[in-house]
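Engineer: This structure is in structure tokens; I'll ask about it shortly.
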Amino acid sequence: MDHIEERDPELHAALAETWYSPTGFPAWCSEVNNRPLGVRFMVTSFAFFLIGGILTLLMRIQLMVPNNTFLSPQTFNQLFTMHGSTMMYLFAVPFLEGLALYMLPQMIGSRDVAYPRLTALGYWCYLFGGLVFYASFLVGEVPDAGWFAYTPLSGRAYSGLGLDFWALGLALVEIAGIVAGLEILVTVLKFRCPGMSLGRMPPFVWSMLVVGVMSLFAFTTLLVATLLLELDRAAGTQFFNPHRGGSSLLWQHLFWFFGHPEVYIIFLPATGIVSAIVTTFSRRLLGYVLIVMGMIVMGFVSFGLWVHHMYATGLPELSMHFFAAASLMVAIASGVQIFAWIATLWGRRPPLNTPILFTIGFVVIFVLGGMTGVMVAVVPFDWQVHDTYFIVAHLHYVLIGGVVFPIMAGLYYWLPKITGRMLNPKLGYWGFGLTFIGFNLTFFIMHVMGLFGMPRRVYTYPAELGLEIHNQLATVGAFMLAAGFLVFLWDFYRSLHHGEPAGRDPWGGDTLEWTTESPPPTYGFYGAPIVRSRHPLWYAQSVPGGEEFAERAAEEVRGGPIPFRATLATDVITGKPLSIQYLPGPSYVSLYVAAGFVVALVAILMKLYLVAVAGAVVAVGGLIYWLYPKQEVLQMLRSSEVGRRAGLPIFTTGTRSTAWWGTVCLLIILSTCLGAMLYAYFYIRLYSDQWPQGTIQPPDLALPGVACVLLVLSSGSFLWAGRSFRRGNPTAIQAGFSATLLLGTAFLAAQTYLISQIGFSHQENAYASLFYLFMCYLWLQVLVGLVLLAAAQIRVWQEHQDREGFMKLHLQVTGLYWHFTVIAGVIVCATLYLSPHVL
């Protein structure tokens, strides 16, 4: 494709007006466009990064000399907790999510992401979560149990109100992470421009696709774990209390099932950034397939590594050997990418500019971190260095070296596109030098300190260890590292005001983001680009079959559609145009929903229950308004001529629809929630002498069995209603939906009765806590399903003749949710009522 598109000035002005970006307060809060929101994610996360860096410097001053009293033990624990939590939850993942939200649509030729209002909701949840984290300083109750919050130290007996702030803030950040994962996944699958098949996607897009899938599982598991921890603290449940049948190790299993994949959720985008930079400055990329396969393998295997962090907890040796083997497998996948980059650079003599320098620095540091990772994956060695500064060194080599250096490389590479200004090369060299030397001076010597016996997580150490000079060098290195980031900040500020104009493509890149102005207009692309190779700006190969149709579809949306925001939706595999996707404009609803959530959670924390109810009403009301179809929008879309001219529908169903894919992602999230709860149930069951625990008797099977049969029958009646809808039989449609609603309501009534008849308290023991947890989970899921069924019933009454449009999609989405609810109900009933009798 050509670098510069020819644009009709009038159409360009109309398109810019349609895609306007709100300015001024409070209109600024209604923004839903991916580029401004991506910038907000990056700026906010970098601000948290600077705060976390300041906490680091305070801790390094404390450790500079033995027996220092600069910080008290309690203050050190608080700063340690907040530093780790800030870097792990508030910086690394959110920054990369922001970068992806900004760059992904540009790289795949889309005008926006799949769910713009959902992106805005994710940002507000993230911002509010971070503010709740640091609000603990205002009340003098700062979290102090570590960023990992191991039980029982994070329980009510050992930690105060600060851990409630931690859990609440983390829950909001987790919601933001789940939302971003869903957004990225559907955007990559459905919004690639014509011709961009899976085999033509840039490596950065592949990395974010894998990360999107991983985020749905990893962040959801942590969300469940955080919920269980807060229930133990606030409601008196016993999930993690070994004195009441719970297990402290259960928290570690759930936490590290998130924690180790998160390392790769952070690392994989970094590999995509490095691949983009190496490709641009080497004018080629060797081993594309191997790099992509390495990403997929790392994403899959990373979920089998969580015990890697638990070798010292007394687990069976045989099981630890399996996890050690999985750790080595991930190292192989990482090594494949390293060798592919080296082979790409070999003999090409790329210019030693700032992006390349940070890329080379990343390769050096990550290789060292990977080597120590292989060392600690070996069980006997890990036993020797566990909880020493050797682990601190390894962790920072992998996370800072493997993430911060690629982020810096990506900033120097893409900031000219984002701001329209070049950064200063000399300041870039100074920033890299200070950062690289300061990092290695700080953390390399920590390997030696760990081998000499320096324990981690301690606020001081005795002079007899002989490690004073080592800690002093580490402290000096930390301040050098901070100076490197200050140089970058000055360079960034200077470039905004005095930097040279960047132009469209200052690096001679090969991907689509370099075809638009710098910075890009609010609508991104004037028309839909057509991709004919993996390097669309370097090579223009022919598209085998369907090229004429793709060009006609792209031509119809060039400069429009003007009345509403839209982009092309394409096939998941081939990138063939399938439909024109409507996208919503600025809206406050995302802010209202996020604010309602925050008010409800904070009010519960402060025991202001009426306020909590008001916040919940605002959040739920906002969701209803959000999801309820607007008749004026539907009418505008039905009357549009754009789809007819392009030969593409605006209303799509099944796998062609982004709503269908979003529902599938929601079901993955709910499945992960259920899976985490089942893991907790059977883990505690495995280590219990009797089941049910204590004096609780196995539950009766009669009424739960009847209720389960009713739920299964409701699934059959919904299938009957759907078949009648396709055949156009209004009477049968109404009968089928009425039967589904009646059977579902009967199950919910039975479930409510069973909850009211439970003869024990949720505080009695871990079994009782799990019983209540599953019952409430199923009750809420069925209630939501009934609301969706009722909404579908109303729409069937109004529009039963619309068998190919929005009504059909509504029924498909509702059917997916309800059938999943039935399956989940059967699993829960079998677990709670049948398993105690047979296991």
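The values are calculated or read from the model by the stated rules, or taken from the named source; none is laboratory data. Not measured: the values here are computed from a predicted model. Counting neighbours? That spans all protein chains shown, and the Cβs are built from the backbone with ideal geometry, glycine included. Note: accessible area is taken over every heavy atom of the protein model, side chains too, but ligands, DNA and RNA are not part of it. Shrake-Rupley method; radii C 1.70, N 1.55, O 1.52, S 1.80 Å.
Engineer: Could you grab the pairs with beta carbons closer than 8 Å, sequence gap of 6+ or different chains, first residue in segment 123-148 and in contact (Cβ under 8 Å) with a residue 24 or more places away in the chain and among the charged types (D, E, K, R), second one assigned to a helix (DSSP H, G or I) and surrounded by fewer than 17 Cβ atoms within 10 Å (Cβ to Cβ)?
Structural biologist: These pairs meet every condition: Asp144/Gln74.
Engineer: Identify all residues within segment 717-733 that are in a helix (DSSP H, G or I), open to solvent by less than 40 Å² (accessible area, probe 1.4 Å) and at pLDDT below 80; write none if there are none. If you could, list the steps in order and put the result at the bottom.
Structural biologist: Of all residues in segment 717-733, those in a helix (DSSP H, G or I) come to 717-727, 730-733.
Restricting the remaining residues to those that are open to solvent by less than 40 Å² (accessible area, probe 1.4 Å) gives 717-718, 721-722, 724-725, 732-733.
Within segment 717-733, Phe725, Ala732, Ile733 qualify.
Engineer: Any residue at all in segment 430-437 that is farther than 26 Å from Val336 by Cβ, touching a strand residue (DSSP E or B) at 6+ places or on another chain (Cβ under 9 Å) and open to solvent by 10 Å² or more (accessible area, probe 1.4 Å)?
Structural biologist: no
Engineer: Then there is this: Right, Thr75: surrounded by fewer than 21 Cβ atoms within 10 Å (Cβ to Cβ), of a type outside the set (Lys, Arg) and more than 30 Å from Thr187 (Cβ to Cβ) or not?
Structural biologist: Yes, satisfied.
Engineer: Mind listing just one residue for me: the one in segment 794-821 that is open to solvent by less than 10 Å² (accessible area, probe 1.4 Å) and modelled with pLDDT of 75 or more and, of those, farthest from Pro704 (Cα to Cα)?
Structural biologist: So, considering only residues that are open to solvent by less than 10 Å² (accessible area, probe 1.4 Å) and modelled with pLDDT of 75 or more, the one farthest from Pro704 (Cα to Cα) is Met807.
Engineer: Sticking with this structure for a sec: Among the residues of segment 340-371, how many are closer than 29 Å to Leu451 by Cβ and open to solvent by 10 Å² or more (accessible area, probe 1.4 Å)?
Structural biologist: 8
Engineer: Any residue that is in contact (Cβ under 8 Å) with a residue 60 or more places away in the chain, in contact with a His (Cβ under 7 Å, 6 or more places away or on another chain) and in a helix (DSSP H, G or I) - is there at least one of those in segment 761-770?
Structural biologist: Scanning segment 761-770, I find at least one residue that is in contact (Cβ under 8 Å) with a residue 60 or more places away in the chain, in contact with a His (Cβ under 7 Å, 6 or more places away or on another chain) and in a helix (DSSP H, G or I), so the answer is yes.
Engineer: Just to be sure I understand, how many residues within segment 488-530 are modelled with pLDDT of 95 or more and crowded, with 21+ Cβ neighbours inside 10 Å?
Structural biologist: The qualifying residues number 2.
Engineer: Quick check on Gly736: is it in a loop (DSSP other than H, G, I, E, B) and of a type outside the set (Val, Ile, Thr)?
Structural biologist: Taking the combined requirement at face value, the residue does not satisfy it.
Every residue, every condition in (1) assigned to a helix (DSSP H, G or I); (2) modelled with pLDDT of 95 or more; (3) in contact with a helix residue (DSSP H, G or I) (Cβ under 6 Å, 6 or more places away or on another chain); (4) open to solvent by 80 Å² or more (accessible area, probe 1.4 Å), yes or no:
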site: Ala600; (1), (2), (3), (4): yes, no, yes, no
site: Val611; (1), (2), (3), (4): yes, no, yes, no
site: Gln635; (1), (2), (3), (4): yes, no, no, yes
site: Leu667; (1), (2), (3), (4): yes, yes, yes, no
site: Cys673; (1), (2), (3), (4): yes, yes, yes, no
site: Met677; (1), (2), (3), (4): yes, yes, no, no
site: Gln690; (1), (2), (3), (4): no, no, no, yes
site: Asp700; (1), (2), (3), (4): no, no, no, yes
site: Gly705; (1), (2), (3), (4): yes, no, no, no
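Engineer: Also, I was wondering about something else. Are any residues in segment 538-560 modelled with pLDDT of 60 or more and crowded, with 21+ Cβ neighbours inside 10 Å, and if so, which ones?
Structural biologist: Ala553, Ala554, Val557, listed by residue number.
Engineer: Please find, among Leu153, Leu198, Leu185, Leu161, the residue that is surrounded by fewer than 24 Cβ atoms within 10 Å (Cβ to Cβ) and under 30 Å from Thr574 (Cα atoms).
Structural biologist: Details: Leu153 fails: under 30 Å from Thr574 (Cα atoms); Leu185 fails: surrounded by fewer than 24 Cβ atoms within 10 Å (Cβ to Cβ); Leu161 fails: under 30 Å from Thr574 (Cα atoms).
When all the criteria are applied, what remains is Leu198.
Engineer: Checking Tyr389 against (1) out of contact with any strand residue (DSSP E or B) (no Cβ under 9 Å at 6 or more places or on another chain); (2) open to solvent by 10 Å² or more (accessible area, probe 1.4 Å); (3) closer than 22 Å to Trp256 by Cβ, only one condition comes out false. Which one?
Structural biologist: Against the list (1) out of contact with any strand residue (DSSP E or B) (no Cβ under 9 Å at 6 or more places or on another chain); (2) open to solvent by 10 Å² or more (accessible area, probe 1.4 Å); (3) closer than 22 Å to Trp256 by Cβ, Tyr389 comes up short only on (1).
Engineer: Out of segment 90-109, which residues are assigned to a helix (DSSP H, G or I), farther than 28 Å from Leu55 by Cα and either of a type in the set (Gly, Ala, Ser) or over 13 Å from the mean Cα position of the chain (by Cα) (or both)?
Structural biologist: Residues of segment 90-109 that are assigned to a helix (DSSP H, G or I), as a first pass: 90-108.
Narrowing the set further to residues that are farther than 28 Å from Leu55 by Cα leaves 101-108.
Across segment 90-109, the qualifying residues are Tyr102, Met103, Leu104, Pro105, Gln106, Met107, Ile108.
Engineer: Mind checking which residues of segment 134-150 are open to solvent by less than 20 Å² (accessible area, probe 1.4 Å) and closer than 26 Å to Met310 by Cβ?
Structural biologist: Pro143, Ala145, Gly146, Phe148, Ala149
Engineer: From the list Trp818, Trp779, which one is among the aromatic types (Phe, Trp, Tyr) and free of Cβ contacts under 8 Å to residues at least 40 places away in the same chain?
Structural biologist: On the way: Trp818 fails: free of Cβ contacts under 8 Å to residues at least 40 places away in the same chain.
One residue alone meets the criteria, Trp779.
Engineer: May I ask you to list the residues in segment 420-433 that are out of contact with any Ser or Thr (no Cβ under 7 Å at 6 or more places or on another chain), in contact (Cβ under 8 Å) with a residue 60 or more places away in the chain and over 12 Å from Pro355 (Cα atoms)?
Structural biologist: Leu427 - this is the single residue of segment 420-433 that is out of contact with any Ser or Thr (no Cβ under 7 Å at 6 or more places or on another chain), in contact (Cβ under 8 Å) with a residue 60 or more places away in the chain and over 12 Å from Pro355 (Cα atoms).
Quick grid of which residues meet (1) of a type outside the set (Phe, Trp, Tyr); (2) free of Cβ contacts under 8 Å to residues at least 60 places away in the same chain:
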residue: Leu345; (1), (2): yes, no
residue: Phe358; (1), (2): no, no
residue: Val367; (1), (2): yes, yes
residue: Gly373; (1), (2): yes, yes
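Engineer: Mind checking which residues of segment 164-176 are over 18 Å from the mean Cα position of the chain (by Cα) and open to solvent by 10 Å² or more (accessible area, probe 1.4 Å)?
Structural biologist: Here is the first cut: in segment 164-176, the residues over 18 Å from the mean Cα position of the chain (by Cα) are 164-166.
The one that is over 18 Å from the mean Cα position of the chain (by Cα) and open to solvent by 10 Å² or more (accessible area, probe 1.4 Å): Phe165.
Here is a yes/no grid of residues against (1) under 36 Å from the mean Cα position of the chain (by Cα); (2) more than 23 Å from Tyr772 (Cα to Cα); (3) in contact (Cβ under 8 Å) with a residue 60 or more places away in the chain:
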residue	(1), (2), (3)
Ser657	yes, yes, yes
Leu670	yes, no, yes
Leu678	yes, no, yes
Tyr681	yes, no, yes
Arg685	yes, no, yes
Trp691	no, no, yes
Gln697	no, no, no
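Engineer: Additional query: If you check every pair at least six apart or on different chains, which have Cβ atoms under 8 Å apart with a residue in segment 455-481 that is over 21 Å from Phe439 (Cβ atoms) first and a residue that is basic (Lys, Arg) and not in a helix (DSSP H, G or I) second?
Structural biologist: No pair meets every condition.
Engineer: Could you say whether any residue in segment 773-791 is open to solvent by 10 Å² or more (accessible area, probe 1.4 Å) and at pLDDT below 85?
Structural biologist: Checked segment 773-791: at least one residue is open to solvent by 10 Å² or more (accessible area, probe 1.4 Å) and at pLDDT below 85.
Okay, residues lined up against (1) within 30 Å of Asn765 (Cβ to Cβ); (2) touching a Cys at 6+ places or on another chain (Cβ under 6 Å); (3) of a type outside the set (Ser, Thr, Tyr):
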residue: Ala619; (1), (2), (3): no, no, yes
residue: Gly654; (1), (2), (3): no, no, yes
residue: Val664; (1), (2), (3): no, no, yes
residue: Thr695; (1), (2), (3): yes, no, no
residue: Gly705; (1), (2), (3): yes, no, yes
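Engineer: Ok, one more. Given (1) surrounded by 23 or more Cβ atoms within 10 Å (Cβ to Cβ); (2) free of Cβ contacts under 8 Å to residues at least 12 places away in the same chain, where does Ser207 come up short, assuming only one miss?
Structural biologist: Result: Ser207 passes all but (2).
Engineer: Does Tyr397 satisfy being among the hydroxyl-bearing types (Ser, Thr, Tyr), in contact (Cβ under 8 Å) with a residue 24 or more places away in the chain, open to solvent by 40 Å² or more (accessible area, probe 1.4 Å) and out of contact with any His (no Cβ under 7 Å at 6 or more places or on another chain)?
Structural biologist: Details: among the hydroxyl-bearing types (Ser, Thr, Tyr): yes; in contact (Cβ under 8 Å) with a residue 24 or more places away in the chain: yes; open to solvent by 40 Å² or more (accessible area, probe 1.4 Å): no; out of contact with any His (no Cβ under 7 Å at 6 or more places or on another chain): yes.
Taking the combined requirement at face value, the residue does not satisfy it.
Engineer: Mind counting the residues in segment 28-67 that are open to solvent by less than 30 Å² (accessible area, probe 1.4 Å) and either over 30 Å from Ser110 (Cβ atoms) or aliphatic (A, V, I, L, M) (or both)? First the steps, then the outcome.
Structural biologist: Here is the first cut: in segment 28-67, the residues open to solvent by less than 30 Å² (accessible area, probe 1.4 Å) are 29-35, 37-38, 40-42, 44-46, 48-49, 52-53, 55, 59-60, 62-63, 66.
Filter once more, keeping what is either over 30 Å from Ser110 (Cβ atoms) or aliphatic (A, V, I, L, M) (or both): 32, 37, 42, 52-53, 55, 59-60, 62-63, 66.
Looking only at that region, the number is 11.
Engineer: While we're looking at this one, here's another question. Does Leu286 meet the test of being farther than 21 Å from Cys665 by Cβ, open to solvent by 10 Å² or more (accessible area, probe 1.4 Å) and in a helix (DSSP H, G or I)?
Structural biologist: So Leu286 fails the test.
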